[in-house]
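Each remark here refers to the structure printed beneath this line.
The values are calculated or read from the model by the stated rules, or taken from the named source; none is laboratory data. None of the values given here were measured: they were computed from a predicted structure. Ideal geometry is used to build each Cβ from the backbone, glycine not excepted, and the neighbour counts take in all protein chains shown. The area values use the complete protein model at the heavy-atom level, side chains included, leaving out ligands, DNA and RNA. Shrake-Rupley method; radii C 1.70, N 1.55, O 1.52, S 1.80 Å.
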Amino acid sequence: YAADRLVIRRWLLTSLLKGIYGDAADTLLSAIRDVLSKADLSAGFPIDTLVPRLVTMNKSVRFEPEEIDALLYSGYGQRRTFSILAVLYPSLDYGHHFHQDHVVPRALLTRKKLAGVRVAEDDIAFALEHVNDLPNLQLLEGIPNQEKSDLPLDEWLKKAYPDAAARSAFRERNYIPDVAASPSSFREFYDARRQLMLNRLQDVLGH
């Protein structure tokens, strides 16, 4: 049932991200239950029947390109941010507790720290505005997150993953671009990582 699980997981995440369970939730859940009760489940999860049924109730779970782009402006601690990260990190064992970690630590992106490494004023303003945006967030388990704390990413990676291949694998699965994750290059890092995450979200949600 692996294929069914993937479809169901995607359905759940997209419906949460679209916020379809707000008003009239009881009516919506009744419609979902009706579709499931009438479906031949041996043929798989009835996503092709369920989606059109919800459209008739003005509850679309399909994402337009601009909606996917807007997801990346979600911020640290906001209600849907974890769900978006769950789309980006499908292989994690969510039986464990994960923290939303700032890839470039907030403590290094203060006006004083940025001015101290001679970041241009426009880039300081950009960093202060976007430090909590999704492109600067990743999911880490509690203990690794505490160990990383305010360390620069590359410094922490060398301690946590002494093997170069392991560091490379970490960077790939965490959408870390080939740009220094440092305060002085934060805008470049942010833009590059945002594009990697956008590509993945478009691949998963844009069908």
Only unsatisfied item for Gln100, checking (1) within 16 Å of the chain's Cα centre (by Cα); (2) closer than 16 Å to Val204 by Cα; (3) surrounded by 14 or more Cβ atoms within 10 Å (Cβ to Cβ); (4) not hydroxyl-bearing (Ser, Thr, Tyr), is (2)
Candidate set: the range 33-89, residues that are of a type in the set (Phe, Trp, Tyr) and open to solvent by less than 60 Å² (accessible area, probe 1.4 Å); chosen: the one farthest from Tyr21 (Cα to Cα) | Tyr89
Please determine, by comparing only the residues of the range 182-207 that are closer than 17 Å to Asn132 by Cα and touching a helix residue (DSSP H, G or I) at 6+ places or on another chain (Cβ under 7 Å), which one is most open to solvent (accessible area, probe 1.4 Å).
-> Arg187
Within the range 1-23, the residues that are over 23 Å from Phe82 (Cβ atoms) and in contact (Cβ under 8 Å) with a residue 12 or more places away in the chain are Ala3, Asp4
Filter the range 103-115 for residues that are surrounded by 14 or more Cβ atoms within 10 Å (Cβ to Cβ) and of a type outside the set (Lys, Arg) and give the result.
-> Val103, Val104, Pro105, Leu108, Leu109, Thr110, Leu114
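Residue-by-condition table, conditions (1) farther than 20 Å from Tyr76 by Cβ; (2) of a type in the set (S, T, N, Q); (3) open to solvent by 30 Å² or more (accessible area, probe 1.4 Å):
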site	(1), (2), (3)
Val117	yes, no, yes
Pro144	no, no, yes
Ser149	no, yes, yes
Ala160	yes, no, yes
Ala164	yes, no, yes
Ala180	yes, no, yes
